[in-house]
1. Please work out the Cα center distance from the range 206-247 to the range 119-155, rounded to the nearest Å.
2. State, as an integer percentage, the relative contact order of the range 31-233 based on alpha-carbon contacts under 8 Å between residues 6 or more apart.
3. Rounded to the nearest 20 Debye, what is the dipole magnitude of the range 1-44 about its Cα centre when Lys and Arg each give +1 and Asp and Glu each give -1 at the C-beta?
4. What does the C-alpha gyration tensor say about the overall shape of the range 1-148? Classify as rounded when a/c is under 1.5, otherwise prolate if a/b is larger than b/c, or oblate.
5. Please work out the Kirkwood hydrodynamic radius for the range 130-211, using every pair of different C-alpha atoms, and report it in angstroms with one decimal place.
6. Using Cα springs under 10 Å in a Gaussian network model of the chain, which residue among LEU136, LEU171, LEU148 shows the largest mean-square fluctuation?
7. Give the residue list of trypsin sites (Lys or Arg not before Pro) in the range 207-248 that are DSSP loop and have at most 16 other beta-carbon atoms within 10 angstrom.
8. Pick out, in residue order, every one of the GluC sites (Glu not before Pro) in the range 168-211 that is DSSP loop and has at most 16 other C-beta atoms within 10 Å; say none if there are none.
Amino acid sequence: MELTDRDRAIYEWQIWVNGLGDAGQQKLKNSTALITRVGGLGGPLAQSLAAAGLGKLILAHGGNTKHSDLNRQILQTHDQLGKPRIESCRRRLMELNPQIEIETCGENVTEANVRGLVSGADLVFDCAPLFEERLLLNRECVRQQKPLVDAAMFEMEGQLTTIIPGQTPCLACLYPEIPPGWKREFPVIGAVSATMANLAALEGLKLLAGFGELLTNTLLIFDARSMDFRKIAIQHRPDCVVCGSCRPPGIQEPPS
C-alpha cells in the first residue's frame, strides 16, 4: 500500500527523521508485528508501534484485568477490571490509530498456537514474563526464520537484544535452561517497563524501515538506579539445541 496524503499529514514529523523518509514510512505501513503479552512491556510497545503507523499488529494475551495490572499496563483501565485484557488493548489502540489493523488472540503463547501466531508476522516482539513462553517463541522464530526483538525487565533493570535467525545468537544461546527460581510475579515499576518497551519499539521500527544500527549480537543492559546503559557482545553457541547443529529430543519440525 502506498502512503496517502493523510498518512503524510499524520507522520510528517516522523518522516523527517534522517534515514526513515517516505520509503521507510511505507515499509512500516506494510508491516505486521506480533506482540506476545500486551502488559507492562507489551502495552507501551504496542502503543508506540501503533502511533508510528505500523500497518498491522497481532496481539496475544490471556486473562482478565486485575488491580495489580494498573500500575504499568497502560492499555488497561479501571472500568476494564474483571474483563479480558485483550479487549481493552484493542479498544485503546484503535482509539489512538483507527487506521491500524489489529488481530487479537485472547491466549498466551502455547505449543498449540505459536506456529500460527508467528507465521502471520514480519517481526516478533517477546514480552512474556515466563521463560517457558519466551523460549517457545524463540524456537518458533528460528524455525520460521522470523526476526525477534527480546525485551525484558526486573525491578530497576532491563535488557534488550535483536535476534535474526542465521545471523545472531538466539535466546536459547543466552539461556540454555530456565533460570532456577524464576517466578511470573516480580518487582516492577511501570516507568522501567515503559522504558524498555520504547527501546524495543525503536529496534523494531529501525529493523522494519531499514535504517540505523540494530542490537544484533549485542545485549543492551539498562540500570534505572544509576541511569547507566551498557552493551555486551554476545555469541552464538555451537551446541545450541535451537539454532545450532542439533535438536533436543522431542523437538521435531511441526507437520506440514
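A short reminder: the numbers here are calculations on the coordinates, not readings from a lab. All of these numbers come straight from a predicted model, not from anything done at the bench. As a convention, Cβ positions derive from the backbone with ideal geometry for all residues, glycine included, and neighbour counts pool all protein chains shown.
1. 13 Å
2. Here the relative contact order equals 22 percent.
3. For the range 1-44, the charge dipole is close to 240 debye.
4. It comes out oblate by the Cα gyration axes.
5. 13.7 Å
6. Evaluated over the chain, the most mobile residue of the options is LEU136.
7. ARG225
8. Of the GluC sites (Glu not before Pro), the ones in loops of the range 168-211 whose Cβ has at most 16 other Cβ atoms within 10 Å are GLU177, GLU185.
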